[in-house]
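The values are calculated or read from the model by the stated rules, or taken from the named source; none is laboratory data. Everything numeric here is computed off the predicted structure, so don't read it as measured data. Cβ placement follows ideal geometry from the backbone for every residue including glycine, while neighbour counts extend to all protein chains displayed. Please note that ligands, DNA and RNA were not included when accessible areas were found on the heavy atoms of the full protein model with its side chains. Shrake-Rupley method; radii C 1.70, N 1.55, O 1.52, S 1.80 Å.
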Amino acid sequence: MSTARLRDLRVFPGFGLLSVGCVVFLYVPIVVLAIYSFNDGRSVTRWAGFSFRWYQTVFANQNIQTAAINSVVIAIIAATVATVFALGAAMATVNRKKGGGEGAYVVLTFPLMVPEIVTAVASLVFFVAVGISLGFATILIAHIVFCIPFAYLPIKARLESMDATLPSAAADLYASPAKAFLRITLPLLVPGLVSGWLLAFIISLDDFIITALVAGPGATTLPLHIYGMLRLGMTPEVNAISTLMLAASTVLVLISGLLGQAGRKH
């Protein structure tokens, strides 16, 4: 057997069966959840006919609407601010001539490897220590902070794929640094910026652990509201909300992936 074939995991016995098992374990519960969101009955395990009843209930529920609006507003602001910070960090760390780029990369991406509960507790302790009341503002600050690494990675990858001599070429043509950035660097960075923004938006929209610890009274997001509904029992209404969030997340992740591929081709 050749070396290349030995390195191909697909040739090992049982690999295909294990792969199918992993895919089934990951996606069958999601498919079941989505199917039973159209169940006409109240049971989440007994099919009583196809219906949009629970989607109508979701859209008519004022508390769900308020929580959804809070989630979307927080996600939009957090993703936008985090992308701006991530852009500055990427511009400062990529193609550094004096070194230190690796250290900065580790510092910026280290929060991705820290357990989320640790970040949540640290954020709570920080807000309490500095005397900031828990509420909408603390959720927003926490989301901005933990979204920066997610926005940073696509922007950094896009910057690294660009021709590093373009700014020098623009300077040779008497373009100021600001003009070279606005006319050359920024347009070429658009796929990375949009991809980073979408990734940060999804992470913020779905977050539960950090939000649960830093949220105050009256600052309920959609994941917190869903958790509150689950404590009262599983209903098809929860399935409908979860399916809507899944659909939104899937669309945004697909857009992010397509933009990432487009960026790598140009």
For region 51-202, the dipole about the Cα centre with charges only on Cβ (Lys and Arg +1, Asp and Glu -1), to the nearest 20 debye, works out at 180 debye
Just order 58-64, 146-152 by mean Cβ neighbour count inside 10 Å, highest at the front, would you? 146-152, 58-64
Just grab the label-to-label distance for residue 161 and residue 17, each label 7 Å out from Cα along the Cβ direction, in nm (one decimal). 3.9 nm
Tell me, what is the 1.4 Å probe accessible area of residue 159, in Å² to the nearest 10? 20 Å²
Rounded Å value of the spacing that divides the Cα centres of region 201-248 and region 21-62: 16 Å
Probe 1.4 Å, all protein chains present, accessible-area order of 27, 36, 55, largest first: 27, 36, 55
Segment residue 174-residue 136, extension gain: residue separation times 0.36 nm, minus the distance between their alpha carbons: 9.0 nm
Note down the nm distance, to one decimal, between modelled labels 7 Å out along Cα→Cβ at residue 69 and at residue 28. 4.2 nm
Would you mind classifying the chain by shape? Square roots of the alpha carbon gyration tensor eigenvalues, ordered a ≥ b ≥ c; an a/c under 1.5 is rounded, otherwise it is prolate if a/b is larger than b/c and oblate if not. oblate
Packing-based ranking, highest mean first, of 118-125, 15-22 given that Cβ atoms within 10 Å are counted: 118-125, 15-22
Diffing region 137-146: the Karplus 3J(HN,Hα) column from phi (6.51, -1.76, 1.60, θ = phi - 60°), in whole Hz with x for Gly and Pro, holds 5, 5, 4, 4, 4, 4, 5, 4, 5, 7
Give me the dipole magnitude in Debye, nearest 20, for region 154-261 about the Cα centre, with unit charges on the beta carbon: positive for Lys and Arg, negative for Asp and Glu. 140 debye
How much of the accessible area of the chain, probe 1.4 Å, is carbon plus sulfur, in whole percent? 71 percent
When only the heavy atoms of the protein chains count and the probe is 1.4 Å, how do 229, 113, 91 rank by accessible area, highest first? 113, 91, 229
Loop trypsin sites (Lys or Arg not before Pro), region 175-266 (other Cβ atoms within 10 Å of the site Cβ: 10 or fewer; DSSP): 231
Using the heavy atoms of the protein chains alone and a 1.4 angstrom probe, what is the accessible area of the chain per residue in square angstrom? 59 Å²
